[in-house]
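Enquirer: Submitted below is the structure of interest, expressed as structure tokens.
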Amino acid sequence: MIKIGLTGGIGSGKTVVANCFLDLGIAVYFADNEAKKLMNNSKIIRKKIIKEFGKTSFEKGVLNRTYLASIVFNDSDKLKRLNAIVHPEVEKHFEKWVKKQTSLYIIQENAILFENNSVSKFDYIITVTAPIDLRIKRVITRDQTTKKQVLSRINNQSDDKKKVELSTFVIHNIELKDTEQQVKEIHKKICAYLK
């Protein structure tokens, strides 16, 4: 099974691109969504998060995302510690998911592929980019947050230039129609590789 990593900085439009691949019949694993579910449902993760970040990390049995974000997005060491707790469990979940898939190839959409050193686990890497001002605007609109908070998250992710250099394919996500066309072209190339 061909595995493809789909990544890009916050607000670049990874989910839009992932949904374009879904429309083409390709199975997509949304690592961020699965991580959020696992952080709420996995007893292993819950225990480790409480040990590392305190009981305030959960309120009435639900992950206190605001509290955790205020810690990890202002301290790169604490963000690394959180990723070290969550990432191995997401990886196990992903491997189980892969075994159930039947599409031509599969994609894992993951914001921190480069940051968590998992690039080598994929046959190809697709990086999604967009101008920084557009990314900030998208995240402010989507998350009802501030420019300062968005920039704090951006600063905790690898630079786009480095990601682009190390990627098999790059999608510039500015206009949806153009993005959809780029996805179709990449899909054709991957299908050609499979022959």
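Read-outs throughout are calculated quantities, based only on the coordinates presented, and are distinct from any laboratory measurement. Predicted model, so just to flag it, every value in this text is computed and none were measured. As a convention, Cβ positions derive from the backbone with ideal geometry for all residues, glycine included, and neighbour counts pool all protein chains shown.
Enquirer: With each label point set 7 Å from Cα along the Cα-Cβ vector, what nm distance links ASP159 and LYS177?
Expert: So the two model labels end up 3.5 nm from each other.
Enquirer: Please give, to one decimal in nm, the separation of the simple spin-label points placed at GLU52 and ASN83, each 7 Å out from Cα toward the Cβ.
Expert: Placing both labels 7 Å along Cα→Cβ, they lie 1.1 nm apart.
Enquirer: In addition: Compute the helix-to-body angle for 31-41: its Cα long axis versus the longest principal axis of the chain, expressed 0 to 90° and rounded to tens.
Expert: 30
Enquirer: Through the Karplus equation 6.51 cos²θ - 1.76 cosθ + 1.60, θ set to phi - 60°, convert the phi angles of segment 171-180 into ³J(HN,Hα) values in whole Hz; use x for Gly and Pro.
Expert: Using θ = phi - 60°, the values come out as 10, 8, 9, 10, 10, 4, 4, 5, 4, 4 Hz.
Enquirer: Pop the C-beta distance of SER120 and LYS184 into the FRET formula with R0 = 25 Å and round what comes out to the nearest 0.05.
Expert: That pair, SER120 with LYS184, gives E of 0.35.
Enquirer: Give, as a single signed number, the net charge of other residues whose beta carbon lies under 12 Å from the beta carbon of THR66, with Lys and Arg counted +1 and Asp and Glu -1.
Expert: Overall, the nearby charge balance is -1.
Enquirer: Of LEU194, LEU176, ASN117, which is farthest towards the positive pole of the chain's charge dipole, taken about the Cα centre with +1 and -1 on the beta-carbons of Lys, Arg and Asp, Glu respectively?
Expert: The residue sitting farthest along the positive end of the dipole is ASN117.
Enquirer: Could you work out how far apart the two model spin labels at MET1 and GLN149 are, taking each label as a point 7 Å from the Cα in the direction of the beta carbon, and quote it in nm?
Expert: 3.6
Enquirer: Next question. Could you give the dipole magnitude of segment 2-194 about its Cα centre, charging the beta-carbon of Lys and Arg +1 and that of Asp and Glu -1, in debye to the nearest 20?
Expert: That gives segment 2-194 a dipole magnitude of about 760 debye.
Enquirer: Got the relative contact order for segment 2-194 handy, in percent, Cα pairs under 8 Å and 6 or more residues apart?
Expert: Relative contact order here is 38 percent.
Enquirer: Go ahead and collect, in residue order, the members of segment 89-122 whose backbone nitrogen is under 12 Å from a label point 7 Å along the Cα-Cβ direction of THR168.
Expert: Within reach of a label on THR168, which here means backbone N under 12 Å from a point 7 Å along Cα→Cβ, segment 89-122 contributes 105-108, 120-122.
Enquirer: What is the Cα coordinate range of segment 2-194 on the first, second and third principal axes, sorted by size from largest, in whole angstrom?
Expert: Answer, in whole Å and largest first: 51, 39, 26 Å.
Enquirer: Please report the antiparallel percentage of DSSP beta bridges with both residues in segment 5-136, rounded to the nearest 5.
Expert: Around 15 percent antiparallel, to the nearest 5.
Enquirer: Here is a follow-up. Based on the mean of other Cβ atoms within 10 Å per residue, sort peptides 103-109, 18-24, 43-49 so the most packed one is first.
Expert: Working: 103-109: 20.6, 18-24: 17.7, 43-49: 15.3.
In descending order of packing, they fall as 103-109, 18-24, 43-49.
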